[in-house]
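The next block holds one structure in the form of structure tokens; read it before the comments.
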Amino acid sequence: MSGMGITMPTADLEKAVIANISIDEIIDFTRRLVAFKTENPPCDYTAISQFIAKEFEAAGLEVKKLEGQQGKPNIVGRWKGEGGSNEILLLSGHMDVVPGGEGWSIPNPFDAVVRDGALHGRGTADMKGALAAQLFAYKALRKAGVRLKGDLYLFTTVDDEIAGQFGLKYVIQEGLKSIGWAKPTFHILGESSKLDLYIAFKGRMWLRIAFKGRPAHGGNPQAGINAILKAMAVIPEIVKLDRLSHPLMGTDTINIGTMQGGTQTNVVPDHCVFTVDYRYVAPQTSAQIEARVKEAIARVAMSDPQVVMAEFTVFERREPVEVTPDNRYLQALKALTEQVIGRQVGFSGVLSAGDAYWTISDGIPAVFYGPGDLAVAHTNKEHVPLDMLEDVAKIFALYAVRMLT
């Protein structure tokens, strides 16, 4: 990171880069991205991926489509540096959004509206605003005549919102090798962080647990075994498990997300299944959490032999991950952010690493960092402040100058 000593705004190169960033262009492009109704599930990526690929190509990027499964096209762009540096900066984000939902104060959540200094609509903060800022940061570098020694990557990926296996996970683990591109040395995931640096992330396990009973007439329940009641006896034992805390990650959380049982009102249910979202902090492991939940179930079964587990499935498993604050890439990003926005920013943690999980767990330092507030993501109040959107485009561009030239 040879250029990290440049001080903004004295460097003429950096002034030229800043001068080529237009918030109006970023707003317009974000609105165009939001108009693609990429609700997930199920999400059809055909139109948005073709649009992004054409925009990347028109901007001068080398563009590839990495598709681990048909219908799941990740669009990856590369600006190949001139050599002299092994640094590779990845700016990335996902194309999918959660369903639009109801109760918005704007007529259509997929027709983003500028109001009160912010752009409102589904995906503005999570995270099409960041995708637009990344592209226009790159364009500003090109317009300013910047010459890179290292490489700059722009990736738009699939299926973040459903924890899919063919998004950035596939790109990092298989896709890059298939096209002969090296892995990045640092990754900025443009998720909403209010420009704080999220560097510590809880692990998560999603569990599906089922119990079996014995059917009987609803008017003669004592003749059967009610699987719903057996599940309800287990759930409190899981929910009251001890919870650990971490200075950045916060405290463990346990949520019973779904529950289904029985066939009709007048039949004693012989089956009940529920799901658990268990978020846990370091240094715990998923194996420890799994054992803890199974022990809780066993305690109930010891006191009631009619508690019979029919299924215990872990259908999502991620370990806690973190990057240390003294990492040179993070320190440089923190310093640059404070220069641009004129206030201090901090290191923090968040409930999920999102796609940063796949880079950090692969040994690549990454940060969850972008415009907007995570608290409004997935709500009918989703928006991204325009000043933050403009600032982050400047920061993305200047960071590339300092890291790659």
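The values are calculated or read from the model by the stated rules, or taken from the named source; none is laboratory data. Source: prediction; values computed, not measured. Virtual Cβ from ideal backbone geometry, glycine too; neighbours counted across all protein chains shown.
With the requirement that a residue be under 19 Å from residue 182 (Cβ atoms), touching a Gly at 6+ places or on another chain (Cβ under 8 Å) and assigned to a strand (DSSP E or B), what does region 65-93 give you? Passing the criteria: 66, 74, 76, 79, 88, 89, 91, 92.
Pairs, please: C-beta under 8 Å, at least 6 apart or cross-chain, first residue closer than 25 Å to residue 233 by Cβ and basic (Lys, Arg) and in region 266-287, second part of a loop (DSSP other than H, G, I, E, B) and modelled with pLDDT under 95? Short answer, once both residue conditions are applied: 279/351; 279/352.
Yes/no matrix, rows are residues, columns are (1) over 17 Å from residue 51 (Cα atoms); (2) of a type outside the set (A, V, I, L, M, F, W, C):
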{"residue": "98", "(1), (2)": "yes, no"}
{"residue": "101", "(1), (2)": "yes, yes"}
{"residue": "104", "(1), (2)": "yes, no"}
{"residue": "113", "(1), (2)": "yes, no"}
{"residue": "119", "(1), (2)": "yes, no"}
{"residue": "122", "(1), (2)": "yes, yes"}
{"residue": "129", "(1), (2)": "no, yes"}
{"residue": "137", "(1), (2)": "yes, no"}
{"residue": "141", "(1), (2)": "yes, no"}
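The set of residues from region 227-240 being surrounded by 15 or more Cβ atoms within 10 Å (Cβ to Cβ) and either in contact with a helix residue (DSSP H, G or I) (Cβ under 9 Å, 6 or more places away or on another chain) or not assigned by TED's automatic domain parsing to the domain that holds residue 299 (or both) comprises 230, 233, 234, 237, 238. Of the residues making up region 149-186, those that are charged (D, E, K, R) and within 21 Å of residue 131 (Cα to Cα) are 151, 159, 160, 161, 169, 183.
Could you please let me know if residue 147 is surrounded by 21 or more Cβ atoms within 10 Å (Cβ to Cβ), touching a residue at least 60 places away in the same chain (Cβ under 8 Å) and either of a type in the set (Lys, Arg) or touching a strand residue (DSSP E or B) at 6+ places or on another chain (Cβ under 7 Å) (or both)? In short, no. Of all residues in region 222-240, none that is without any contact (Cβ under 8 Å) to a residue 24 or more places away in the chain and of a type in the set (Phe, Trp, Tyr) has its Cβ atom under 7 Å from the Cβ atom of a residue that is buried (at least 17 other Cβ atoms within 10 Å of the Cβ) and not in a loop (DSSP other than H, G, I, E, B), 6 or more apart or on another chain. The conditions of being buried (at least 17 other Cβ atoms within 10 Å of the Cβ), modelled with pLDDT of 95 or more, within 30 Å of residue 388 (Cβ to Cβ) and not small (Gly, Ala, Ser) are met by residue 320. From the set of residues in region 48-64 that are acidic (Asp, Glu) and not in a strand (DSSP E or B), which is nearest to the chain's Cα centre (by Cα)? Only one residue fits best here, namely 55.
Candidates in region 1-21 are the residues that are modelled with pLDDT of 95 or more and not in a helix (DSSP H, G or I); of these, the one that is surrounded by the most Cβ atoms within 10 Å (Cβ to Cβ) is 21. Of the residues contained in region 189-199, none is found to be in contact (Cβ under 8 Å) with a residue 12 or more places away in the chain, surrounded by fewer than 24 Cβ atoms within 10 Å (Cβ to Cβ) and in a helix (DSSP H, G or I). Residues in region 280-333 that are acidic (Asp, Glu), out of contact with any Gly (no Cβ under 9 Å at 6 or more places or on another chain) and part of a strand (DSSP E or B): 311, 316.
With respect to residue 213, determine if the residue is touching a residue at least 24 places away in the same chain (Cβ under 8 Å), crowded, with 22+ Cβ neighbours inside 10 Å and not assigned by TED's automatic domain parsing to the domain that holds residue 69. Answer is yes for this residue. Considering only residues in region 22-47 that are assigned to a helix (DSSP H, G or I) and touching a Pro at 6+ places or on another chain (Cβ under 9 Å), the one that is farthest from residue 396 (Cα to Cα) turns out to be 46. Look through region 106-120, keep the residues that are in contact (Cβ under 8 Å) with a residue 40 or more places away in the chain and surrounded by 17 or more Cβ atoms within 10 Å (Cβ to Cβ), and return whichever of them is nearest to residue 387 (Cα to Cα). Top of the filtered list is 118. Regarding residue 314, is this residue modelled with pLDDT of 95 or more, under 21 Å from the mean Cα position of the chain (by Cα) and assigned by TED's automatic domain parsing to the domain that holds residue 280? Considered against the rule, which asks whether it is modelled with pLDDT of 95 or more, under 21 Å from the mean Cα position of the chain (by Cα) and assigned by TED's automatic domain parsing to the domain that holds residue 280, residue 314 comes out as yes.
Among the criteria (1) modelled with pLDDT of 95 or more; (2) within 24 Å of residue 339 (Cα to Cα); (3) surrounded by fewer than 21 Cβ atoms within 10 Å (Cβ to Cβ), the one residue 182 does not fulfil is (2). Residue count for region 334-366, restricted to those that are in a helix (DSSP H, G or I), within 20 Å of residue 94 (Cα to Cα) and either in contact with a helix residue (DSSP H, G or I) (Cβ under 6 Å, 6 or more places away or on another chain) or β-branched (Val, Ile, Thr) (or both): 3. Looking across region 140-166 at every residue that is assigned to a strand (DSSP E or B) and among the hydrophobic types (A, V, I, L, M, F, W, C), the one that is farthest from residue 95 (Cα to Cα) is identified as 152.
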